[in-house]
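The values are calculated or read from the model by the stated rules, or taken from the named source; none is laboratory data. Everything numeric here is computed off the predicted structure, so don't read it as measured data. Backbone-built Cβ (ideal geometry, glycine too); neighbour counts: all protein chains shown.
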Amino acid sequence: MASYREHALEGAAAVDLVVALYDGIMRFLYAAITAVERGDANARRAAVKRALDIIIHLQARLRMDVGGRPAQVLSEFYAAIFAQILQASQSASSAKFQHAIDCVRNVRDAWREVARDPSANFDSAPVHIMPSRSAADPTESASGSSWTV
């Protein structure tokens, strides 16, 4: 499955990649909920680490000089969702994780709308992504996680 994802994303437009990264955040947060329900703190921490890695990646790629106010708003969103996920993990709260998922989904849906509108998809240059290891298994060790674009 990981190989399929890599090939599906290879050559994708930048906005499609952003949507895929938001999907990844949600996938790892659902894995964190599952870990909370099982009482598996290690799996919860690993899933949270992977979700936070993606958020860090997205925030680090913001271009404030080009993006202006929308980039600033996204930066604030990433900081807020980062803090919310940390609080959810610290309290092992499925409800807080679900709230974070709902927030991420709202922003992801906005990116999906951008992806559907060819006139809005100004950055149509293909983007190549290669995760440092399989993104399919949120229970993998979280150490050394990084994404490259």
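Below, the figures for the structure above:
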{"read-out": "Exclusive hit being modelled with pLDDT under 90, closer than 30 Å to Ala41 by Cβ and not aromatic (Phe, Trp, Tyr), set Asp117, Asp137, Asp123", "value": "Asp137"}
{"read-out": "Long-range neighbours under 8 Å by Cβ, at least six apart or interchain, first residue of a type in the set (Lys, Arg) within region 33-45, second surrounded by 15 or more Cβ atoms within 10 Å (Cβ to Cβ)", "value": "Arg44/Ala32; Arg44/Ala35; Arg44/Val36; Arg44/Ser89; Arg44/Ala92; Arg45/Ser89; Arg45/Ala142"}
{"read-out": "Flag for Arg69 being surrounded by fewer than 14 Cβ atoms within 10 Å (Cβ to Cβ), of a type in the set (Lys, Arg) and more than 14 Å from the chain's Cα centre (by Cα)", "value": "yes"}
{"read-out": "So Ala35, is it surrounded by fewer than 20 Cβ atoms within 10 Å (Cβ to Cβ) and either modelled with pLDDT under 95 or more than 16 Å from the chain's Cα centre (by Cα) (or both)", "value": "no"}
{"read-out": "Checklist (1) part of a helix (DSSP H, G or I); (2) modelled with pLDDT under 95 applied to Leu62, failing item", "value": "(1)"}
